[in-house]
Amino acid sequence: MADRIALITGGNKGLGFETARRLTDQGVRVYIGAREPERGAEAASRLGVEWLQLDVTNEASVLDAAARFAERESRLDILVNNAGIAGSRKPAAELTGEDAETVFATNVVGPVRVMNAFIPWMKTSSNPVIVNVSSGLGSFAVTQNPQRFESQIRMPLYCASKSALTMLTLQYARALPGFRINAADPGYTATDFNGHRGEQTIEEGTEAIIQLAMLPPDGPTGTFVDRGGPVPW
Ligand SMILES: NC(=O)c1ccc[n+]([C@@H]2O[C@H](COP(=O)([O-])OP(=O)(O)OC[C@H]3O[C@@H](n4cnc5c(N)ncnc54)[C@H](OP(=O)(O)O)[C@@H]3O)[C@@H](O)[C@H]2O)c1
């Protein structure tokens with residue numbers, strides 16, 4: 001069987017980089033997206049994978065990445081919408097509309113833009129899979145559970161953006177029944193994203209992403225999981 005081909009946005013470091021490494025280990029042919037060329041080229045050379053300049057907040061950049069991908073490949077099997085930012089950590093009352101637009105541009109509009117540009121290339125795959133890297137911080141249930149650390153976190157914009165991404169996952173899964181489209185909560189993982197304060201290792205943090213990326217054609221769609229199983233919405 002032909003190699004599976006994957007694209008991981010924000011693949012130059014953190015969870016995206018580790019996802020690229022692990023998928024490559026499993027025989028997947030990986031493209032990483034990176035918004036900054038030097039970081040993309042350097043990470044791709046360390047991983048031994050291809051890279052595409054791809055800033056998820058920039059329409060022209062995403063369309064150009066899709067065009068360059070299509071020059072080389074006839075289909076995409078696995079898309080991991082991983083690129084994400086925490087955004088402003090200001091107290092709620094000080095957050096501005098601009099702060100909100102910045103976070104939503106990357107975490108919500110970005111995946112929509114990337115799916116719009118790449119889904120045409122996934123339609124010829126015999127097993128098209130999309131993984132949206134969401135967060136327990138986007139779960140209404142988890143953030144209201146006093147037993148969970150997520151209930152102590154006050155990041156209105158980031159949390160709302162991940163709720164939106166999880167809902168997008170559910171809606172796209174229903175709209176595209178031939179695809180498997182699922183959301184992953186990596187869990188609190190040591191990366192630059194949190195100044196390496198996360199308690200999980202990068203291997204633990206990529207567990208759910210890898211499971212979803214490698215789903216078989218009869219696997220579930222429209223689910224939200226972490227490495228322990230289903231995440232309550
Ligand atoms: N770490 C955690 O505890 C945790 C928990 C739950 C969910 N998540 C989610 O997991 C994903 C990856 O996070 P991480 O921990 O690996 O963070 P990270 O180390 O900060 O990596 C984020 C990646 O996204 C890229 N990126 C940011 N804005 C972008 C844009 N506009 N276009 C393209 N790429 C962009 C970054 O590129 P640059 O290098 O150019 O900045 C970087 O490659 C995020 O969606 C995050 O919300 C993380």
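The values are calculated or read from the model by the stated rules, or taken from the named source; none is laboratory data. Here the structure is a predicted model, which is why all the values come from computation and not from measurement. Here the Cβ is made from the backbone with ideal geometry for all residues, glycine too, and neighbour counts use every protein chain on show. When the accessible area is computed, the model is the full protein with side chains, heavy atoms only, and any ligands, DNA or RNA have been set aside. Shrake-Rupley method; radii C 1.70, N 1.55, O 1.52, S 1.80 Å.
Brief remarks follow.
- The chain: angle of helix 37-47 to the longest principal axis, Cα-based, in degrees nearest 10: 70 degrees
- Under 27 Å from Lys13, Cα to Cα: lysines that are on another chain or at least 8 residues apart: Lys90, Lys162
- Accessible-area composition of the stretch 5-230, carbon plus sulfur, in percent [1.4 Å probe]: 53 percent
- Label point of Asn194 set 7 angstrom out along Cα-Cβ; within the stretch 209-232, amide nitrogens under 19 Å from it belong to 209-210, 225-232.
- The Cα trace of the chain gives Rg and Dmax of 16.6, 55 Å, the first to one decimal, the second as a whole number.
- Among residues other than Ala105 with Cβ under 13 Å from its Cβ, the summed charge is -3 (Lys and Arg +1, Asp and Glu -1).
- Percent of Cα-Cα distances greater than 16 Å, calculated over the stretch 9-80: 43 percent
- Packing-based ranking, highest mean first, of 142-149, 116-123, 129-136, 80-87 given that Cβ atoms within 10 Å are counted: 129-136, 80-87, 116-123, 142-149
- Environment charge at Glu71 (Cβ cut-off 12 Å; Lys +1, Arg +1, Asp -1, Glu -1): -1
- Euclidean distance between Cα centres, the stretch 1-37 to the stretch 168-233, Å: 15 Å
- Local electrostatic count, Gln211, Cβ distance below 13 Å [Lys/Arg +1, Asp/Glu -1]: -2
- Axis of helix 156-175 versus longest Cα principal axis of the chain: the two differ by about 40°, to the nearest ten degrees.
- The chain - mean residue ellipticity at 222 nm from DSSP helices (-39,500 (n - 2.57) per run, n ≥ 4, rounded to 500): -12000 deg cm²/dmol
- Gain in span if fully extended, Ala100 to Arg39, counting 0.36 nm per residue against the direct Cα distance: 19.3 nm
- Helix 110-122 vs. the chain, principal-axis angle (Cα, 0 to 90°, nearest 10): 20 degrees
- The stretch 5-230: relative contact order as a whole-number percent, Cα under 8 Å and 6+ apart: 18 percent
- Couplings for the stretch 187-199, taken from phi via the Karplus curve 6.51 cos²θ - 1.76 cosθ + 1.60 with θ = phi - 60°, read x, 6, 10, 5, 9, 4, 3, 10, x, 6, 8, x, 7 Hz in order; Gly and Pro are left as x.
- Using the 1.4 Å probe convention, the accessible area of the chain works out to 46 Å² per residue with neighbouring protein chains retained.
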